[in-house]
1. With respect to ALA206, is the statement that it is under 15 Å from GLY119 (Cβ atoms) and among the aliphatic types (A, V, I, L, M) true?
2. If only one of THR254, THR218 is out of contact with any His (no Cβ under 8 Å at 6 or more places or on another chain) and exposed (fewer than 14 other Cβ atoms within 10 Å of the Cβ), which one is it?
3. Residues ARG170, ARG203, ARG230: which one is among the charged types (D, E, K, R) and under 27 Å from ALA60 (Cα atoms)?
4. Go over the candidates ALA130, ALA192, ALA199 one by one and state the one that is under 15 Å from ARG269 (Cα atoms), surrounded by fewer than 24 Cβ atoms within 10 Å (Cβ to Cβ) and modelled with pLDDT of 95 or more.
5. Being under 17 Å from the mean Cα position of the chain (by Cα), closer than 25 Å to THR196 by Cα and buried (at least 23 other Cβ atoms within 10 Å of the Cβ) is true for just one of ALA239, ALA209. Which residue is that?
6. Residues being hydrophobic (A, V, I, L, M, F, W, C), more than 15 Å from ALA246 (Cα to Cα) and free of Cβ contacts under 8 Å to residues at least 60 places away in the same chain: count how many of those fall in segment 180-212.
7. How many residues are in contact (Cβ under 8 Å) with a residue 60 or more places away in the chain and in a helix (DSSP H, G or I) when one looks only at segment 213-251?
8. Would you pick out the residues in segment 214-231 that are over 15 Å from PRO90 (Cβ atoms), touching a strand residue (DSSP E or B) at 6+ places or on another chain (Cβ under 7 Å) and not hydroxyl-bearing (Ser, Thr, Tyr)?
Amino acid sequence: MSGMPYDTDPAPACRPTDPAPARRSTGAAVRRRPRTAAAGRQEPDGPVAGPWIDDPYAHALGTGRGPLYLRRLTPPAPPHAAAGEGRLLPLDVERWCAAPDAVDTGVLDRCTGPVLDVGCGPGRLVAALAARGVRALGVDVSPAAVARTRRRGGTALRRSVFDRLPGEGRWGTVLLMDGNVGIGGDPVALLARLRTVAAPGSRLLAEAARGDVDEHLTVRVEDAHGRHGRPFPWARLGATALRRAAETAGWSVTDRWTAQERPFLELRRPPPPGRPTAAGRHGHP
């Protein structure tokens, strides 16, 4: 799309060492490049093994359905954990592979382009934004997710959010949906990273976990037959914990709402004095 902030993105010359697992992909792929020291890190568009790369996640995306889970390895589930907080944390593959629902549409209505969807998965949001004429890019470490996003009409790049991204500092909206505050296992570090990606005055729309939860975990993706990928760090934050992490990372919380039991926060990157906001430069979709 002409005019996107990623039109002329150069390939990164080196890879940083921050941990960078990303969402909605798993298993083991054929190794054609040596692994770097960082879990979940890979060169763009290369078939490198990682916790979110291949089977069983790619199979679930291919069929558009689960069941698929995050298996909690450490720490153990808390006593009297509610449904969905035990050893197996369900992943909503069917919803991710479907068209955006009413809750998703409410989030999309808040987006000011250009939009960066971090951990875009099979691309329902990126494709929906493209259909609206809103400039959007999805990033994900899963080849299957990127391929499905592109087939749906969205633009996607295979890359970790902790690697160099196109258009850094110029994104009008950043999306962190479907549990992606857990990427890397350190939400403060993730949110601080996204503050460098977003434009001054831009917004970040983040989905929190249900309930008053603040967990830092080691998990792996697993299907109903016990096939699984490698362990990786993850996090689960409810709205209160997410608000604390956001403020620590330098974001201002400007709104908080719940729709169909899915909690969300709208965060803002404050603009420097006298500088126009992202909305003022790009306009609302």
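1. Yes: the conditions hold for ALA206.
2. THR254
3. ARG230
4. Being under 15 Å from ARG269 (Cα atoms), surrounded by fewer than 24 Cβ atoms within 10 Å (Cβ to Cβ) and modelled with pLDDT of 95 or more holds for just one of ALA130, ALA192, ALA199, which is ALA192.
5. ALA209
6. 0
7. So the answer is 3.
8. Those that are over 15 Å from PRO90 (Cβ atoms), touching a strand residue (DSSP E or B) at 6+ places or on another chain (Cβ under 7 Å) and not hydroxyl-bearing (Ser, Thr, Tyr): ASP214, GLU215, HIS216, GLY229, ARG230, PRO231.
The values are calculated or read from the model by the stated rules, or taken from the named source; none is laboratory data. All values derive from a computational prediction rather than experimental measurement. Counting neighbours? That spans all protein chains shown, and the Cβs are built from the backbone with ideal geometry, glycine included.
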